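Worksheet: the structure to be examined is printed underneath.
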Amino acid sequence: MRLQAQFCQTKSGELGKHITTEQTVKDLDLLRQILGKKKVSWLGYSGGSWMGAYYATYFPKTLDRIVLDSNAEFTGPWQPVFDDWGMGFERRFRVDFLPWVAKYDHVYHLGKTGEEVRQAYERTRAKLAEQPVTLPEGTYYPVTLDMIIRSGLYSKDMFDATARTLAQLAGTAARTLGAQASYPDAEFGTLYSIICNDTPFRGDRKYLERDAVRDGAKWPLFGYYQIMGPCAFWDRPNVNLKQLTGIGVAPTLMVQSVRDAATPLEGAQRAHKNFKNSVLLTVENEGDHGIYGFDNSCVNDIVERYLVDGVTPAKDLTCQGVPLPAPGGTAGNPLAKARQLATQLGW
């Protein structure tokens with residue numbers, strides 16, 4: 001993590017210290033001016049919820065309507081957002097994914113209960129630690145398997161491909177795996193510049209060691225990982241973002257599934273509580289990351305009445321989620337299809 005921080009900042013040069021949320025929302029408002037738009041509306045997913053809340057705070061008079069979907073806890077620092085990943089991914093893994101795979105044991109042959117499937121994952125991971133598996137598209141290590149599982153938990157439409165990959169690596173099924181995705185430096189450079197420059201990181205190397213042991217014991221799927229670890233070694237510039245309160249901001253509609261792994265419900269609820277004039281649409285029996293615009297008609301109707309017609313919900317609302325599809329099927333999420341294609345292309 002220390003070497004990653006040093007490398008990223010060295011290679012980013014003078015530009016790196018200016019890659020922040022504040023500078024990004026200023027760039028976006030410059031784009032608004034260039035386009036000659038007096039007002040704009042905002043639809044932001046995931047990290048776009050953080051950016052949207054800040055755009056609304058920095059430029060409240062230019063914002064018409066704002067929809068934030070799959071919400072990071074944008075009213076606090078970045079660190080708690082990623083601290084919640086262990087809990088969020090573990091819950092989605094155990095409540096949704098493992099029982100679903102067990103339900104279709106005749107397809108995947110990984111176990112008839114969620115716990116049997118989880119043990120199959122642990123055995124496969126241990127085997128990869130002893131002997132990595134090399135296939136035409138690349139070599140699979142324990143970390144590779146973890147990242148495949150993690151990516152597959154974002155959308156129910158990814159469950160089938162994820163289970164088939166696990167089944168092949170476990171030796172219970174024969175299926176050609178998709179190519180592993182590659183991650184260009186620019187994407188990670190932007191990620192770490194934003195999250196390490198924006199808000200201070202609390203903790204040092206010893207903290208990271210203790211934190212990994214504690215969270216890993218509670219949430220073994222992803223608790224050992226520390227996405228923000230490089231920020232402990234970051235030479236942070238003097239950046240002071242405005243405090244987000246929601247005061248003076250247009251009515252804000254927040255959409256959130258209850259078992260979202262990457263931006264857990266608890267963080268979204270805290271952001272809603274601390275961001276005045278916001279309304280929370282909670283999607284029950286759902287764990288997808290990214291809800292509006294796909295196949296949930298209840299969510300789509302509420303969002304479009306606000307975003308298109310300007311009808312702001314008078315109070316917090318709930319919708320029911322979309323049932324998990326059968327293997328080989330799809331719940332209709334085009335974002336999942338795009339992810340599959342990107343992975344196959346090595347993006």
Out of the residues in the stretch 207-257 meeting the condition of being among the aliphatic types (A, V, I, L, M) and in contact with a Gly (Cβ under 7 Å, 6 or more places away or on another chain), tell me which one is surrounded by the fewest Cβ atoms within 10 Å (Cβ to Cβ). Leu208
Residue match in the stretch 242-252 (condition: under 30 Å from Phe7 (Cα atoms) and in a loop (DSSP other than H, G, I, E, B)): yes
Enumeration of residues in the stretch 48-82 that are touching a residue at least 40 places away in the same chain (Cβ under 8 Å), within 13 Å of the chain's Cα centre (by Cα) and surrounded by fewer than 21 Cβ atoms within 10 Å (Cβ to Cβ): Phe82
Of the numbered conditions (1) without any contact (Cβ under 8 Å) to a residue 24 or more places away in the chain; (2) in contact with a Phe, Trp or Tyr (Cβ under 9 Å, 6 or more places away or on another chain), Thr252 fails exactly one; give the number of that condition. (1)
Return the pair list, or none, for Cβ contacts closer than 8 Å from residues in the stretch 295-319 that are more than 14 Å from Val279 (Cα to Cα) and free of Cβ contacts under 8 Å to residues at least 60 places away in the same chain to residues that are β-branched (Val, Ile, Thr) and in a loop (DSSP other than H, G, I, E, B), at least 6 apart or on different chains. Asp295/Val322; Asn296/Val322
Could you please give the count of residues in the stretch 266-283 that are part of a helix (DSSP H, G or I) and more than 13 Å from Val81 (Cβ to Cβ)? 4
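For Arg92, indicate whether it is in contact (Cβ under 8 Å) with a residue 24 or more places away in the chain, under 30 Å from Tyr306 (Cβ atoms), in contact with a Leu (Cβ under 9 Å, 6 or more places away or on another chain) and surrounded by fewer than 22 Cβ atoms within 10 Å (Cβ to Cβ).
Values: in contact (Cβ under 8 Å) with a residue 24 or more places away in the chain: yes; under 30 Å from Tyr306 (Cβ atoms): yes; in contact with a Leu (Cβ under 9 Å, 6 or more places away or on another chain): yes; surrounded by fewer than 22 Cβ atoms within 10 Å (Cβ to Cβ): no.
It is false that Arg92 is in contact (Cβ under 8 Å) with a residue 24 or more places away in the chain, under 30 Å from Tyr306 (Cβ atoms), in contact with a Leu (Cβ under 9 Å, 6 or more places away or on another chain) and surrounded by fewer than 22 Cβ atoms within 10 Å (Cβ to Cβ).
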Give me the helices (runs of 4 or more DSSP H) completely within the stretch 6-110, filtered to those with at least 1 residues that are under 30 Å from Asp235 (Cβ atoms) and out of contact with any Asp or Glu (no Cβ under 8 Å at 6 or more places or on another chain), ordered by residue number. 21-34, 47-58, 78-83, 85-92
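Residue-by-condition table, conditions (1) modelled with pLDDT under 95; (2) farther than 28 Å from Phe294 by Cβ; (3) in contact with a His (Cβ under 9 Å, 6 or more places away or on another chain); (4) acidic (Asp, Glu):
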site: Ser155; (1), (2), (3), (4): no, no, yes, no
site: Thr172; (1), (2), (3), (4): yes, yes, yes, no
site: Arg175; (1), (2), (3), (4): yes, no, no, no
site: Gly178; (1), (2), (3), (4): yes, no, no, no
site: Trp234; (1), (2), (3), (4): no, yes, no, no
site: Ile247; (1), (2), (3), (4): no, yes, no, no
When (1) of a type in the set (S, T, N, Q); (2) free of Cβ contacts under 8 Å to residues at least 24 places away in the same chain; (3) more than 29 Å from Glu266 (Cα to Cα) are applied to Thr113, the one that fails is (3)
Scanning for something part of a helix (DSSP H, G or I), closer than 17 Å to Gly86 by Cβ and in contact (Cβ under 8 Å) with a residue 24 or more places away in the chain, does the stretch 191-207 turn up at least one residue? yes
How many of the residues in the stretch 59-89 are out of contact with any Lys or Arg (no Cβ under 8 Å at 6 or more places or on another chain) and of a type in the set (Asp, Glu)? 3
Hey, among the residues in the stretch 111-132 that are hydroxyl-bearing (Ser, Thr, Tyr) and part of a helix (DSSP H, G or I), which one's nearest to Gly223 (Cα to Cα)? Tyr121
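The values are calculated or read from the model by the stated rules, or taken from the named source; none is laboratory data. Predicted model only: the values in this text are computed from it and were never measured. No Cβ is skipped: glycine too gets one built from the backbone with ideal geometry, and neighbour counts run over all protein chains shown.
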